[in-house]
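Encoded as structure tokens, the structure appears first; notes follow it.
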């Protein structure tokens, strides 16, 4: 059984698909705009060009996985990437005692392949859950071989335990910190794996799963932001962190949490990077229905989003979102920590109107919009790396009052 979605048919099939996806993930199929041959070609194209969500995967590894894709079934997708990951895990284990650096690289690629297998959410099939668990194993092996290593930290929240990561540069004094939150389909591992630019500047990074993803103990709901306040409470106990110099960095879906923290934690953070701005219109049924047909997102955008709320019907999903709006919740005109809002004018996943809405309310904000950019402001002339190095990093450095200088965007 294989669904090939078209925009015309979507209203009639999405309700059935939602039920199949959530209540019976074993037999559910990949939900998206691409047929199997199209998915294979697009996956390889993104691997060749280092584009999300395949960015970081070697082109040859993508070819090996694609060769195993016999259908659009989620279990088939997961198994193909797990096969790559296990090969790298075996390499890492064989090299760990004799060549730690090569073992670290092998574990990195193992994690990346396992994580691609669980993409976009480990909740959508047993095979994806297995891929996610193996990704966590590989990441632990990778993180301990870094210098400085990635520290796995835990703290209590509502009777549960939260798992997060911390990586700090070597310093005799407490260091400033970037508080990083993953998006819809990334995880805290993605956040903490790419922080060398911060470490070189003497900045540490804390990474935590947003509600509804990874190891987060809560789903997305009103009040879920208390998780991040609890994390800030815990960070206050660390003597090696300058807790008076913290900037929050959200990306894609978690731009919402970064913006919310700018209001709720304005006295405890120096600023918030709202990279991908979904704060009001994004939650409205009209936009949601429109965005489900995007070809920017490889597949499974609807079930991935529905998994954040823990709902299992189209009606429940579309009704759930509007209450989260920061406009409806009355935040937009409240005092806030400084914000940098960033996105692309042509984003098909989050409405650019939300960025302009934020600019028209409350305290003045810094903004960067790529007129030719899609989601997160990416375009042919502005890669994810360009946006980070030329826009986000300089702003963060300024907010943290670092003595180093970083080139800003022209």
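The one condition from (1) within 29 Å of residue 226 (Cα to Cα); (2) in contact (Cβ under 8 Å) with a residue 40 or more places away in the chain; (3) surrounded by fewer than 17 Cβ atoms within 10 Å (Cβ to Cβ) that residue 207 does not meet is (3). When residue 309 is tested against (1) closer than 16 Å to residue 225 by Cβ; (2) in the same structural domain as residue 262 (by TED's automatic domain parsing); (3) in contact with a helix residue (DSSP H, G or I) (Cβ under 6 Å, 6 or more places away or on another chain); (4) surrounded by fewer than 22 Cβ atoms within 10 Å (Cβ to Cβ), only condition (2) is not met. Looking at residue 41, is it exposed (fewer than 15 other Cβ atoms within 10 Å of the Cβ) and modelled with pLDDT of 95 or more? Answer is yes for this residue. Each residue in region 102-119 was checked for being in contact (Cβ under 8 Å) with a residue 24 or more places away in the chain and surrounded by fewer than 24 Cβ atoms within 10 Å (Cβ to Cβ), and 4 pass. Of all residues in region 294-317 being part of a loop (DSSP other than H, G, I, E, B) and under 22 Å from residue 125 (Cα atoms), which is nearest to the chain's Cα centre (by Cα)? Looking at the filtered set, the residue picked out is 297. Considering region 285-300, the residues that are in contact with a helix residue (DSSP H, G or I) (Cβ under 6 Å, 6 or more places away or on another chain) and in contact (Cβ under 8 Å) with a residue 40 or more places away in the chain include one that is farthest from residue 74 (Cα to Cα), namely 287.
Yes/no per residue for (1) within 16 Å of residue 188 (Cα to Cα); (2) in contact with a strand residue (DSSP E or B) (Cβ under 8 Å, 6 or more places away or on another chain):
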position: 97; (1), (2): no, no
position: 101; (1), (2): no, no
position: 139; (1), (2): yes, no
position: 155; (1), (2): yes, yes
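Residue-wise test of (1) more than 17 Å from residue 257 (Cβ to Cβ); (2) surrounded by fewer than 22 Cβ atoms within 10 Å (Cβ to Cβ); (3) out of contact with any strand residue (DSSP E or B) (no Cβ under 8 Å at 6 or more places or on another chain); (4) touching a residue at least 24 places away in the same chain (Cβ under 8 Å).
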site	(1), (2), (3), (4)
324	no, yes, yes, yes
333	yes, yes, yes, yes
338	no, yes, no, yes
349	no, no, yes, yes
360	yes, yes, yes, no
364	yes, yes, yes, no
384	yes, yes, yes, yes
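For region 49-65, a residue qualifies if it is surrounded by fewer than 18 Cβ atoms within 10 Å (Cβ to Cβ) and part of a helix (DSSP H, G or I), and the qualifying residues are 49, 59, 60, 63, 64.
The values are calculated or read from the model by the stated rules, or taken from the named source; none is laboratory data. Predicted model, so just to flag it, every value in this text is computed and none were measured. Here the Cβ is made from the backbone with ideal geometry for all residues, glycine too, and neighbour counts use every protein chain on show.
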